[in-house]
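Remarks on the structure that follows.
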Amino acid sequence: MTDIAWIDPLLAAARPQAVAALLRYFRDLDMAEEAFQDACLRALTNWPKNGPPRDPTAWLIFVGRNAAIDAVRKRSKQQPLPDEEHLSDLSDAEAAIAERLDGADYRDDILRLLFICCHTDLPATQQIALALRIVSGLSVRQIARAFLVGESAMEQRITRAKAKVAAAAVPFEAPGPVERAERLGSVAAMVYLVFNEGYSASGGDASIRVPLCDEAIRLARLLLRLFPAEPEIMGLTALLLLQHARSQARFEADGSVILLEDQDRSKWSAKMIAEGLALVDKAIRHRQPGAYQVQAAIAALHARATRAEDTDWKQIELLYGALEAMQPSPVITLNRAVAVSKADGPEAALAMIEPLGDKLSGYFHYFGVRGSLLLQLGRNDEARDAFCKAISLANSPAEAAHIRLHLDRLSGEAAPGRQSAS
Amino acid sequence: MLYAVLCYAAEDAVTSWSKEQDEAVMGKLAVIQQKYAEAGRLGPVARLLPTTAATTVRKVRGESVILDGPFAETKEQLLGFYTVECNDLEEAVGFAREISDANPAGGSYEIRPVGVLNPVPATIKQAT
């Protein structure tokens, strides 16, 4: 009675916990993955017949572990274990494992599995690919597609990343509180990377890469279930939800970008916004502000504004100020300047970003913002220079197209007779 | 008798459904809901946001303590509920069977007679 299509989500949901537990048994990533794969194959033949077990994760760990031990024994020509038909009846053993899963052990298991993917020697793209492969269980083909590279190139990238991780000693002892907090911080950053890889896609790529955003939200929720009282994990999850809530409104049909203030807000996902706002509220109660929480609070202010002109820019400016104090960065100052321009006008904002010119001389958004501030002040020639500079630094055709609109408007004003035909 | 039918299932599996799968299930459930609504037997219905969004207020030694997360860590979580008017338990079981058959998530449906039901005032915004 259980359709194969409905077994997939069960396996996907069980995967992080099951692979993490198998990794603790075997202390070898490949072996843990193979054991899980084996258990999944058995689930696909067994579950449609008998219905899924009450605790799919415990079943998969149990069957996976036995399959792997069996394989090792077979290789050493010893007696094989009984087949899974018998194994799956061992509900006592299942219960015992399930019991153990509820403990702190399993929390550290999953954290370890995620932490392995954040190895500092791995560049961001490899961390993301590894997490998607190992923790989320996306196929190499799916990941290659999301990264817009060939399958064999991605296969190589993942193999290399795995080799690097295997060479580094994976810490299997239970982490102390400080170490656990450090691991959680790295893992949260990695989850945010996964999200941004999907979120920063534009145009035609956007729909291909949306699964990365969904996957990141799933990982964030997983972290939050493991660490339900961590305000920064609430903040991270809220931030991802509030940003992803806008995904249906961010692009024109032709792939060009629609700015936040021009988006059709009825296309925003009310459900994701509700969940994000609930998490921001929960986090604030802890009174331990952090960077994810502040960013989530900014996203929440946008989400709460039914119309763009209702946005509380003054509050957003203050929040960017708080973020700047936590992690000083010219990009954050630039964002604060945008809020200042909305709250106090373009002049004050332009004065704020003047000193950033050196540090952001290669940054597309700096010149985009500068151009539109100059434009608002009627300094059209300078605005044109800034926009041209921005186009030369654009990361995608969609970004360039957006700036070109401003330039077209500028030349339209300068010579009304020569407006572009489009 | 008004019954509440409380829906419990593994949240992580349900949140792993693809958008299409989620829509397919909700579509099937909507058909059943419509049937009962047209018969004038369906009361308030709710689908709850994930337990990660939950907060629990708990009395510990006479003091209210605020905890993050759901009331209890369980394998299956309360994901939503229906209220439905039925002549007897048999009918309520029939309703629970219908929604259970429409939903591949497995899980449990707890049927609880409702003691008090306040009217939902028009000022309460419906979540969509």
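The figures follow:
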| item | result |
| --- | --- |
| Chain A: angle of helix A:56-75 to the longest principal axis, Cα-based, in degrees nearest 10 | 60 degrees |
| Contour excess over end-to-end distance, with Cα ends at B:A30 and B:R61 and 0.36 nm allotted per residue | 6.8 nm |
| Links that overshoot a 19 Å alpha carbon limit, given the list A:K271/B:K125; A:K267/B:K19; A:K314/A:K342; A:K271/A:K314; A:K271/B:K19 | A:K271/A:K314 |
| For A:143-152, mean number of other protein chain Cβ atoms within 10 Å | 0 |
| Difference of contour (0.36 nm per residue) and Cα-Cα distance, A:A229 to A:N50 | 60.6 nm |
| Of B:V60, B:V25, B:V84, the one that fluctuates the most in a GNM where chain B has Cα springs shorter than 10 Å | B:V60 |
| Among A:W313, A:W47, A:W268: highest mean-square fluctuation, GNM of chain A, C-alpha pairs under 10 Å | A:W47 |
| Shape call, the stretch B:2-113: gyration tensor on alpha carbons, a/c limit 1.5 | oblate |
| Residue-wise HN-Hα coupling along the stretch A:139-156, computed from phi with Karplus coefficients 6.51, -1.76, 1.60 (Hz; x: Gly, Pro) | 6, 4, 4, 4, 5, 4, 4, 5, 8, 6, 10, x, 5, 5, 5, 5, 4, 4 |
| Karplus (6.51, -1.76, 1.60) ³J(HN,Hα), θ = phi - 60°, over the stretch A:385-391, in Hz, Gly and Pro reported as x | 4, 5, 5, 4, 4, 4, 4 |
| Prolate/oblate/rounded call for the stretch A:107-250, Cα gyration tensor, a/c under 1.5 rounded | oblate |
| Hydrodynamic radius (Kirkwood) for the stretch A:258-323, which is based on Cα pairs only, to one decimal in Å | 12.6 Å |
| Farthest positive-ward along the stretch B:2-113 dipole, Cα basis, beta-carbon charges - from B:C86, B:Q34, B:V65 | B:V65 |
| Built amide H within the under 5 Å cut-off of B:V114, gap 5+ | B:L2, B:Y3, B:A4 |
| Label point at A:L148 placed 7 Å out along Cα→Cβ; residues across the stretch A:242-256 whose backbone nitrogen lies under 15 Å | A:255-256 |
| Rounded tilt (10° steps) of A:291-304 against the dominant C-alpha axis of chain A | 60 degrees |
| Stokes-Einstein D (µm²/s) once Rh is taken as the Kirkwood radius of the stretch A:231-340 over alpha-carbon pairs, at 20 °C in 1.002 mPa s | 150 µm²/s |
| Chain A: equivalent-ellipsoid semi-axes (sqrt of 5 x gyration tensor eigenvalues, Cα, Å) | 48, 23, 20 |
| A:L410/B:T123 FRET efficiency (R0 56 Å; Cβ-Cβ; nearest 0.05) | 0.70 |
| Tilt relative to chain A, helix A:330-344 - C-alpha long axis, 0 to 90 degrees, to 10 | 50 degrees |
| Max mean-square fluctuation residue, GNM over chain A, Cα-Cα springs under 10 Å, options A:A305, A:A58, A:A161 | A:A305 |
| Cα Rg over Rh - the stretch A:267-422, Kirkwood | 1.03 |
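Throughout, read-outs are computed from the coordinates displayed, never taken from laboratory work. Every value quoted in this text rests on a predicted model; they were computed, and no experiment measured them. Because the Cβ atoms are built from the backbone with ideal geometry, glycine has one as well, and the counts that use them run over all protein chains shown.
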